[in-house]
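To keep things clear, I will list the structure first and then write my remarks on it.
The values are calculated or read from the model by the stated rules, or taken from the named source; none is laboratory data. Values in this document were obtained by computation on a predicted structure and should not be read as measured data. Every residue, glycine among them, receives a Cβ derived from its backbone with ideal geometry; neighbour counts consider all protein chains shown. Surface accessibility is based on the protein's heavy atoms, side chains included, excluding ligands, DNA and RNA. Shrake-Rupley method; radii C 1.70, N 1.55, O 1.52, S 1.80 Å.
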Amino acid sequence: MGVQIPPLAIAGEAISENAWGTSRAAEETGVNGRMALKVEVKDAGSWKRVLEIEIPPEDVQTELDKVVAEFQRKAAIPGFRKGKAPRDVLEARFGHSLQSEFLDRIIPRFYKEALKEANLVAISQAEVGDLKFTKGEPLSFKATVEIWPEIEVHGYDGLKVTRENFETAGDDVEKELLRLQEIAAKLETVARPTKETDLVVVDFVRLGKDGRPIKKTRRDGALIDLSSPTLLKDFARGVLGASAGEERVISVHYSEDFPDKNLANQDVQLRINVREVKEKTLPEINDEFAKDYAGAATLDELKSRIRLNLEAEEKLRSRRAMEEKILEELITMNSFELPPSMVKDALDDIVSRREKEAGNLSPEEREKLREAFSPHVVRNLKKTVVVSLVGKKESLEVKEEEVKAEIAKIACEEGKEVSEIEKELQKGNGFERFRNAFFERKVLDFLLSKANIVEVQTAKPVERLIQTP
């Protein structure tokens, strides 16, 4: 973690003019043994610490001597051979440069040592100030830094939480059968205008207010089902009746709860070019269908499989709902603020990813994006912090043998070699994400084991359809 050092501020701090000479005090201290680095940590909130750091004079002198020696070797001063200029001449000529180089080296080095000694993990650059340095004396400074929030999480032992049990009805099985039927449909390209039951292959791009295409919003060769319940109604209406080779400009309205906050509650123009019109023919749902498209011996066996899968999905959904409820309750019971840099970094990442997708954003667009995602980011970060703190408090950790066993399990499920999974995890920071996910699972398992779970039978919630494109 870097140290933010404002050169002008430090240059104006209490640094003695005689600080550059050889220190007798440092030499005498060295005879009696090296003095220890002094570090005093003061709390300035759950996520901020002020480190008051004092570097022993012998270490100060050693670093000073190194800097001066390097300048001496490199400096070309009229009247002296290279590397032979006296120290006092160097200090007179390069005093400010010597000082800057010295501080740039010694402060980061001992700041890192101080963090280690204080057992702190910084998540931001340190703000350095109150620098004091006089010949023969220790060099002292203060470093203000943001850290991972430190609070004592409580309230999870016996926390009441509801487990909603959803009964899988025959209608659910029939809906899944119809979904499989749609997947198994045969498509045939036809030379006629589109109907409501057709699929179309289209190229489309979003247009700005000036009618020009917006960068990185173009999609080519998109296969779109006009009968899909998730398709924007305006899009389906706009394409209806078009033939292959036809180009249209249509207007679509995105609902207020559309996932992409930049498009939510917006009216947008799209330029569409229809490449192909495809007619859909659905297979009959019978034993033959079950055998050909699902590998089941009979239709009844397929229905039984579907029911089991749906029940497993509902159990997983119910578990995730409990986990979310527990974390939300713990955040409420254990109020804390996040370090500003933690939130800023997360929002910066969102803005950066959006700009990679859609091109450069204006300052107003960046700010709007930050405001839209800020509540979501803060909530997710607080959940991450709570999981981490509970894990630390309960001494939960991910062991190497557990990681190996989980990788072997994944390899078996996916029909791959362990080495293949490991190779995939080596990309980017895959192993770190894998370990973090495994750690989170252990903590959530622990929290559920401590909770007071109340079982209730409830009606299955109506699924919210995510509209596209």
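If you place +1 on the Cβ of every Lys and Arg, -1 on the Cβ of every Asp and Glu, and leave all else neutral, what size is the dipole of the chain about its Cα centre, to the nearest 20 Debye?
Magnitude of the dipole: close to 1480 debye.
Looking at the chain, what % of its DSSP beta bridges pair antiparallel, to the nearest 5?
80
Roughly speaking, what is the centre-to-centre gap between the stretch 164-205 and the stretch 282-310 when only Cα atoms are used, to the nearest Å?
17
For a paramagnetic label modelled at 7 Å from the Cα of Val343 toward its Cβ, which residues of the stretch 361-389 fall within the zone defined by backbone nitrogen distances under 18 Å?
Zone members listed by number: 366-386.
Compute the Rg/Rh shape ratio of the stretch 348-399: radius of gyration over Kirkwood radius, all on alpha-carbon atoms.
Computed over Cα atoms, the ratio is 1.23.
Taking a probe of 1.4 Å, how large is the accessible area per residue of the chain, in Å²?
With the other protein chains kept in place, the chain gives 59 Å² per residue.
Please list Arg109, Arg218 from largest to smallest accessible area, probe radius 1.4 Å, with all protein chains kept in place.
Arg218, Arg109
As I understand it, the value is the acute angle between the Cα axis of helix 340-358 and the longest principal axis of the Cα atoms of the chain; what does it come to in degrees, rounded to 10?
Between helix and principal axis, roughly 50 degrees.
In µm²/s, what is D for the stretch 147-258 at 20 °C and 1.002 mPa s, where D = kT/(6 pi eta Rh) by Stokes-Einstein and Rh is the Kirkwood radius from Cα pairs?
In µm²/s, the coefficient is 113.
Mind pulling the angle between the C-alpha long axis of helix 430-450 and the longest principal axis of the chain? Nearest 10 degrees, somewhere in 0 to 90.
80
Explain nothing, just compute: Karplus ³J(HN,Hα) = 6.51 cos²θ - 1.76 cosθ + 1.60, θ = phi - 60°, for every residue of the stretch 128-133 in order, whole Hz, x for Gly and Pro.
9, x, 6, 7, 10, 8
Any idea which of Val239, Leu177, Thr197 is furthest toward the positive side of the dipole for the stretch 161-241, if Lys and Arg beta-carbons carry +1 and Asp and Glu beta-carbons -1?
Val239
Rolling a 1.4 angstrom probe over the protein chains, ignoring ligands and nucleic acids, what is the accessible area of Lys48 in square angstrom, nearest 10?
60
Once fully extended, how much extra length lies between His96 and Lys195, figured as 0.36 nm per residue of separation less the alpha-carbon to alpha-carbon distance?
Contour length minus the Cα-Cα distance gives 27.8 nm.
Quick one: of Lys175/Lys315; Lys392/Lys450; Lys48/Lys404; Lys393/Lys450; Lys160/Lys442, which pairs are farther than 26 Å apart, Cα to Cα?
With Cα atoms farther than 26 Å apart: Lys48/Lys404.
Take every Cα-Cα distance within the stretch 272-333, group them into 5 Å bins from 0 onward, and report for each bin the whole-number percent of pairs it holds.
Percent of Cα pairs in each bin: 4, 15, 11, 10, 10, 9, 10, 11, 10, 6, 4, 1.
Any chance you could run the full-extension gain for Ser255 through Phe438? It's 0.36 nm times the residue separation minus the Cα-Cα distance, nm to one decimal.
Length gained, Ser255 through Phe438: 62.2 nm.
Could you give P(r) for the chain, binned at 20 Å from zero, as whole percent values over all Cα-Cα pairs?
Percent of pairs per bin, in order: 15, 35, 30, 15, 4, 0.
What net charge do the residues around Glu371 carry, taking every other residue with its C-beta under 12 Å from that of Glu371, with Lys and Arg at +1 and Asp and Glu at -1?
Cβ neighbours under 12 Å give a net charge of +1.
For Trp47, Trp148, what's the largest-to-smallest order of accessible area, 1.4 Å probe?
Trp148, Trp47
Just by accessible area at a 1.4 angstrom probe, what is the order of His154, His253 from largest to smallest?
His154, His253
Which length gain, in nm to one decimal place, applies between Ser352 and Arg219 when the Cα-Cα distance is subtracted from 0.36 nm times their residue separation?
Full extension of this stretch gives 45.8 nm more.
On a 0 to 90° scale, report how tilted helix 400-414 is relative to the longest principal axis of the chain, with both axes built from alpha carbons and the result rounded to the nearest 10.
Rounded to the nearest ten degrees, it is 30.
At a probe radius of 1.4 Å, what is the per-residue accessible area of Phe289, in Å² to the nearest 10?
Number for this one is 10 Å².
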